[in-house]
Amino acid sequence: MNSSSVDTLEADLPEIGTGIDVGARLSQLRQERGWTLQQASRQTGVSASALSKIERNELSPTIATLQRVARGYGMDVVDLLADKEAARSLAGRRSVTRASGGRAYQSNSCANTLLCADLIDKKMTPIRSRVTARKPSDYGSWPVSDSEIFLTVVRGVVVVHSQIYEPLTLNAGDCLYYDASTPHIWLSEGPDHAEVIWVLAS
């Protein structure tokens with residue numbers, strides 16, 4: 001596995017929240033820094049060819065890859081995807097996301113909604129996802145990052161595959177906490193796509 005490559009294809013955004021032009025955003029941030037694709041690759045650990053395809057909206061990166069890019073650019077995932085100024089760290093700050101709210105981001109494996117996305121510089125990134133992947137090949141590469149992930153299944157059945165553990169079946173109400181430096185993928189099982197809420201923490 002080449003963890004620096006991103007191969008998932010773009011899909012239609014779900015009808016929740018507001019879609020983000022990730023390619024234009026990354027191109028803007030790179031140009032603001034005066035970086036070539038090769039320099040951006042060295043900073044993020046994502047290959048220059050993958051970054052180029054993402055900027056041209058030919059590839060849709062996973063949340064884990066976006067996190068690597070965000071760190072290389074000195075920000076968090078929410079800040080990376082923000083299309084307006086979000087609230088920075090203030091004592092006593094809080095954020096509310098209503099049931100139909102959030103910031104939508106679609107990869108080939110999940111329809112994601114970033115929760116409480118008006119706050120940046122967070123230590124945790126909460127995400128609601130509909131797991132659309134049904135087979136390992138739905139992932140271009142197995143997501144990997146230096147984060148820890150907490151996952152709870154809200155609806156349906158999720159099978160979690162790991163490169164060091166046997167496949168694990170999670171039903172509604174079940175939870176999992178794992179070190180994302182070991183690649184994992186999630187697959188929906190059953191007639192409907194599973195829904196999960198998960199937290200990405202550094």
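Given the residues Ser141, Ser162, which is the only one that is surrounded by 14 or more Cβ atoms within 10 Å (Cβ to Cβ), polar (S, T, N, Q) and within 23 Å of Ala104 (Cα to Cα)?
Values: Ser162 fails: within 23 Å of Ala104 (Cα to Cα).
Going through Ser141, Ser162 in turn, just one is surrounded by 14 or more Cβ atoms within 10 Å (Cβ to Cβ), polar (S, T, N, Q) and within 23 Å of Ala104 (Cα to Cα): Ser141.
Six or more apart or on different chains, Cβ atoms under 6 Å: show the pairs whose first residue is in the stretch 49-75 and over 13 Å from Val144 (Cβ atoms) and whose second is of a type in the set (Lys, Arg) and modelled with pLDDT of 85 or more.
Within 6 Å, the pairs are Leu59/Lys53.
Counting only residues that are modelled with pLDDT of 95 or more and in a loop (DSSP other than H, G, I, E, B), how many does the stretch 193-202 have?
Of the residues in that region, 1 qualify.
Looking only at the stretch 94-109, which residues are surrounded by 19 or more Cβ atoms within 10 Å (Cβ to Cβ), assigned to a loop (DSSP other than H, G, I, E, B) and not polar (S, T, N, Q)?
Gly102
I need the full set of residues from the stretch 33-65 which are more than 16 Å from Val22 (Cβ to Cβ), in a helix (DSSP H, G or I) and of a type in the set (S, T, N, Q), in order please. Give the derivation first.
Restricting attention to the stretch 33-65, the residues satisfying the condition of being more than 16 Å from Val22 (Cβ to Cβ) are 33-36, 38-39, 41-43, 45, 47-49.
Going one step further and asking which of them are in a helix (DSSP H, G or I), we end up with 33, 38-39, 41-43, 48-49.
Gln38, Gln39, Ser41, Gln43, Ser49, listed by residue number.
Of all residues in the stretch 160-190, which are among the aromatic types (Phe, Trp, Tyr) and in a loop (DSSP other than H, G, I, E, B)? Show your work before the answer.
As a first pass, look at the stretch 160-190 and keep what is among the aromatic types (Phe, Trp, Tyr): 165, 177-178, 186.
Hit for the stretch 160-190 is Tyr165, nothing else.
The values are calculated or read from the model by the stated rules, or taken from the named source; none is laboratory data. Since we're looking at a predicted model, the values are computed, not measured. Every residue, glycine among them, receives a Cβ derived from its backbone with ideal geometry; neighbour counts consider all protein chains shown.
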